[in-house]
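The values are calculated or read from the model by the stated rules, or taken from the named source; none is laboratory data. All of these numbers come straight from a predicted model, not from anything done at the bench. Here Cβ is always computed from backbone atoms with ideal geometry, including for glycine, and neighbour counts include all displayed protein chains.
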Amino acid sequence: MEIRRVQITGGASFVVTLPKDWAEGQKIKKNDPVGLIVQPDGTLLVTKKITEEPVQRIKEIDCSTITDPALLFRMLIGAYITGFNVIRLTTKQRFSPFVRAGVRDFTQMTIGQEVVEETDTVIAIKDLLNPAEMPFDNTIKRMFVIVKNMHEDAVTALETHNKDLSQDVIIRDMDADRLNWLIARQTNMIMQNVSLSRKMGISPSMAMNYYQLSRIIERVGDHAVRIAEHTIPIVGADIDKKILTAVKKSSTMSIEIFDRSIVSFFNTDLKDANRNIESINALENICGDINNMVLKQDTMVAINIGYIAESIRRTGEYAADISETVINLLVENEQGPYKPKAGK
């Protein structure tokens with residue numbers, strides 16, 4: 001860290017000199033304007049960039065050496081999440097069919113990505129979404145509704161022996177994934193561009209908290225998928241009604257904890273968040289009872305119901321993690337609660 005003394009000129013203006021190496025590295029010359037941005041923690045950011053125009057970041061991917069479709073798709077998702085505005089795929093000859101198929105899947109599974117150029121040797125994908133048009137709180141609320149419905153439908157499929165509903169839950173997981181990817185992308189873009197942070201009205205640290213929250217919700221969705229997957233093998237099996245009643249009860253408790261955790265986040269309610277965490281013990285007890293009850297069932301039923309009970313328990317525990325995040329945020333912001341936009 002360089003230490004510079006503050007000078008006063010003209011009797012009113014405070015002046016501090018800029019480090020020469022930094023100014024030369026930024027190619028700053030005499031009379032060039034610089035931007036000064038006050039950060040939420042009181043620090044001052046000095047930047048050569050004084051316009052609100054977004055920085056265009058282009059990712060080049062040479063497909064000539066890629067033969068694995070899964071690797072290509074992961075590279076596309078990686079470029080999307082890390083905040084590139086344009087992704088250019090190139091090849092020395094014609095693209096392999098799997099490349100075009102991968103691009104098609106990618107644009108369908110992500111938000112705002114569209115092919116704007118396509119030839120035999122070049123495919124350009126551009127981000128057409130304005131990040132400010134997708135506030136974090138709206139995305140989180142949408143994710144919550146999707147995942148909550150997935151969990152409830154997965155348990156309903158078990159009760160009603162509905163294989164089609166189980167399959168539908170598995171398919172819907174992609175809706176939660178694409179919203180989680182969007183929040184990850186926006187978080188990375190905010191970390192790279194302070195002006196975007198100011199434009200969206202959210203600090204980089206709060207963006208990270210939203211990303212952590214979206215990751216937890218996405219994992220709850222994964223457990224809804226596991227419930228659906230373990231329901232399919234036992235559709236039509238003879239399951240003790242007492243077990244089904246216990247599964248339904250534990251599921252209701254788990255979703256109630258999940259619901260209250262999201263409410264406590266948006267209402268900045270420390271006491272409710274704490275009560276939420278303490279309610280986990282009751283959920284763990286009933287899930288333990290289910291594991292004991294299934295010992296008298298057929299092996300296939302016992303194994304799959306055991307996995308279902310485990311996913312229900314994990315859903316409640318992930319919800320408690322959200323409540324812990326609420327408490328951490330409220331303790332950190334002792335001067336006043338954090339304020340999710342349009343949260344109440």
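Residue-wise test of (1) more than 21 Å from SER197 (Cβ to Cβ); (2) in contact with a strand residue (DSSP E or B) (Cβ under 7 Å, 6 or more places away or on another chain).
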| site | (1), (2) |
| --- | --- |
| ILE111 | no, no |
| GLU114 | yes, yes |
| THR119 | yes, no |
| ALA124 | yes, yes |
| ASN130 | no, no |
| GLU133 | no, no |
| THR139 | no, no |
| LYS148 | yes, no |
| GLU152 | yes, no |
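On the given criteria, is LYS27 part of a loop (DSSP other than H, G, I, E, B) and surrounded by 14 or more Cβ atoms within 10 Å (Cβ to Cβ)? No; evaluated as a whole, the condition is false for this residue. Filter region 128-139 for residues that are touching a helix residue (DSSP H, G or I) at 6+ places or on another chain (Cβ under 6 Å) and at pLDDT 90 or above and give the result. PHE136, THR139, listed by residue number. Residues in region 161-182: is at least one in a loop (DSSP other than H, G, I, E, B) and either in contact (Cβ under 8 Å) with a residue 12 or more places away in the chain or among the aliphatic types (A, V, I, L, M) (or both)? Yes, region 161-182 contains a residue that is in a loop (DSSP other than H, G, I, E, B) and either in contact (Cβ under 8 Å) with a residue 12 or more places away in the chain or among the aliphatic types (A, V, I, L, M) (or both). Of all residues in region 297-317, at least one satisfies being of a type in the set (S, T, N, Q), within 16 Å of ILE216 (Cβ to Cβ) and outside any loop (DSSP other than H, G, I, E, B).
With respect to being under 21 Å from ASP127 (Cα atoms) and surrounded by fewer than 13 Cβ atoms within 10 Å (Cβ to Cβ), GLN93 falls outside the description. Is there a residue in region 32-45 that is within 29 Å of the chain's Cα centre (by Cα), at pLDDT 95 or above, among the β-branched types (Val, Ile, Thr) and surrounded by 13 or more Cβ atoms within 10 Å (Cβ to Cβ)? For region 32-45, residues within 29 Å of the chain's Cα centre (by Cα), at pLDDT 95 or above, among the β-branched types (Val, Ile, Thr) and surrounded by 13 or more Cβ atoms within 10 Å (Cβ to Cβ): absent. Annotation: of all residues in region 111-134 being polar (S, T, N, Q) and outside any strand (DSSP E or B), the one that is nearest to ILE77 (Cα to Cα) is ASN130.
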